[in-house]
Amino acid sequence: MCGIVGGVGNINLREYLLTGLKKLEYRGYDSAGIAYYESSEVIVQKVSGRVSSLEAVVSENIAPTVGIAHTRWATHGQPNALNAHPHQSNQKLFTIVHNGVIENFRPLRQQLTVRGYQFHTETDTEVIANLLERLFLRSGSVIEALAQTMEALEGSFACAIIFAQEPNRLYFMKKASPLLLGVAKGAGLLASDPVPMVDYTSRFVDLEDGDYGYIEADDLKIYHDRVLVKPVFATRNVDLFKSDLEGYPHYMIKEIEEIPSVVKRLVDNYYDGSEFLFNRNMIKALRSAKKIHFLACGTSYYASKMGAKYFRPLGKSVLVSIASEWAYDPYDVSDDTIFILMSQSGETADLIRCQKIINASGGITIAATNTKGSTIERKATYSLLLYAGLEVAVASTKSYVAQVCFLALLCAALKNENAVVAEIDRVAEALHEVISRKEEIHDLAKQVTKNKDAFFVGRGYDFLASMEGALKLKEVAYLHAEAYPGGELKHGPIALIEPGTLVVGLVSDPEVASSIRNNFEELRARKAKLLIFSLHKVSSPEDAFIAPDVKPYLAPNVLVVVAQLFAYYVALEKGLPIDKPRNLAKSVTVE
Ligand code: F6R
């Protein structure tokens, strides 16, 4: 994953690079580093851990002409200061930050070693720096060295590069990892996403795979296959990329509390009071498609499972695949299939790989993302936004509800069922009440801080909600949590139930209520610590949290939020880094 940021020109580069890096920490936070040109040399400073530690060692009085910085999610080499970026070539001509993975770095390293290059780290990035240096020393041109380096590298890379002989220029190259340029007054900027740049500019250039070149304070040049190409400038609404804790202790709780307004905004964007506002050609294509195939990862995959349940009654064959697996076995790419790609970030590498496969075969994709201008959004046949607003906490919360409600709206549009809109509005109301009673959930969380494992059980829609609930507890509270359909317990997992084992039971649907209640009794008989989250209509007085009623097909939006709050408070009680859980990153840009 990793986040990179770079700039050249007349702005306070220390402030821009360090603040920008903090905004990119959601992409990884194992180590951080900065390099800048000042007083005839390139200075490199790196730390293991967070950007705040880096900030403490970078002098406040620097005034560089060009600088680059990096926050790392370790792929090759341990997450220590040595392996932290930036990395330098042997003669220190090139200093580089890199996001991506170089698949052939071992043979390249071997070839360079034979030619006398020495390597000091375990990273693939050091290979890029030295390869650039060698190719520059042979050709005498940085641009030619970049072109040759790109030809030699296999894998993914977004790189920002300082060349020690040109202190007023910042080089870059990109393939399969995100990178965009920003054009500010008196400065050229680049970063992995717009967020670090939005305080300086609203004018961006999205780079294509294979682009390389340089930026200067008042110029930029982009090359592709050795041809100079004309930059395509795009203006973005920078307010969409700004975020602040606004007094909340964590982004996760802030973003959970935003969910009712996210639901309302989504409805306003896709329904005008009498008609659905989806692209007509897309609706036509969906109606005539025989198959709908969802592709996604993580939370977006669980939201897609809900979508599949909505779409099946339309008489279509509906499949849901985990993107990283489908890419190995890409079946179903045919004229009568539409692929729906669900992604909060729009930059998930596994999904981008699937999209490339589908696009290469001429297939149709509908992308539902939360990020305008993201790779998946730009490369889809039809692109739709989730309007959840910037999600900063690594754990997805508001985007899950936005995705599920979006799919319910899309399905309603296909069926001309306008009544669905009022049912979704009701979800927003129910969530207001759930959030106003969050301290009840906090009290439940206090009871389980010593538990190491948890089971989530439910049937039907509640099983789908259980999967997302278990994921939240895993990632932010570090509990080993697994979801099972209630009916499956007796086929094995019940052997793991001991006195005190935490089981979270979800029940919302009258159709399955009596069967799942039987399962709860079986668990109670084995002395599990049972916490049941239910909807009012199917509740029982001993339930741990009873939420207001919504239609069963929308209930996961309510019960998942209860589970999100539960995970949040367990993590809070355990004193964990809620917004940046260990080993994770928000945007998973490596496969
Ligand atoms: C979990 C979480 C991840 C993401 C997954 C896909 O809370 O955030 O599981 O859902 O990495 O990311 P997107 O939706 O950006 O494609």
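Some notes on this structure:
- Each residue in region 324-349 was checked for being within 16 Å of the ligand (Cβ to nearest atom) and over 18 Å from residue 373 (Cα atoms), and 5 of them qualify.
- Single residue of region 571-591 satisfying the filter (away from the ligand (no atom under 15 Å from the Cβ) and either more than 24 Å from residue 249 (Cβ to Cβ) or assigned to a helix (DSSP H, G or I) (or both)) that is nearest to the chain's Cα centre (by Cα): 572
- Residue identified as assigned to a helix (DSSP H, G or I), away from the ligand (no atom under 12 Å from the Cβ) and modelled with pLDDT of 95 or more among 558, 550: 558
- Test: residue in region 293-303 that is within 12 Å of the ligand (Cβ to nearest atom), touching a Leu at 6+ places or on another chain (Cβ under 7 Å), touching a residue at least 12 places away in the same chain (Cβ under 8 Å) and in a loop (DSSP other than H, G, I, E, B): yes
- Among all residues of region 226-246, there is none that is out of contact with any Lys or Arg (no Cβ under 9 Å at 6 or more places or on another chain), modelled with pLDDT of 95 or more, under 29 Å from residue 397 (Cβ atoms) and surrounded by fewer than 20 Cβ atoms within 10 Å (Cβ to Cβ).
- Condition met for residue 495 (small (Gly, Ala, Ser), within 16 Å of the ligand (Cβ to nearest atom) and more than 20 Å from residue 440 (Cα to Cα)): no
- Residue pairs whose Cβ atoms lie under 6 Å apart, sitting 6 or more positions apart in sequence or on different chains, and linking a residue in region 529-540 that is on the phi < 0 side of the Ramachandran plot to a partner that is assigned to a strand (DSSP E or B) and β-branched (Val, Ile, Thr), are 530/503; 531/504; 534/507; 534/546; 536/546; 538/507; 539/546.
- Among the residues making up region 492-513, a single one is small (Gly, Ala, Ser), surrounded by 12 or more Cβ atoms within 10 Å (Cβ to Cβ) and over 31 Å from the mean Cα position of the chain (by Cα): 513.
- All of (1) in contact with a Phe, Trp or Tyr (Cβ under 8 Å, 6 or more places away or on another chain); (2) part of a helix (DSSP H, G or I) hold for residue 481 with one exception: (2).
- Selection status of residue 377, within 14 Å of the ligand (Cβ to nearest atom), assigned to a loop (DSSP other than H, G, I, E, B) and under 23 Å from residue 590 (Cβ atoms): no
- One residue from 390, 410, 431, 414 being under 27 Å from residue 570 (Cβ atoms), away from the ligand (no atom under 16 Å from the Cβ) and in contact (Cβ under 8 Å) with a residue 24 or more places away in the chain: 431
- Filter pass, residue 372 being over 15 Å from residue 303 (Cβ atoms) and not in a helix (DSSP H, G or I): yes
The values are calculated or read from the model by the stated rules, or taken from the named source; none is laboratory data. What you are looking at is a predicted structure, and each value in this text was computed from that prediction instead of being measured. Every residue, glycine as well, gets a Cβ built from its backbone with ideal geometry; the counts of neighbours run over all protein chains shown.
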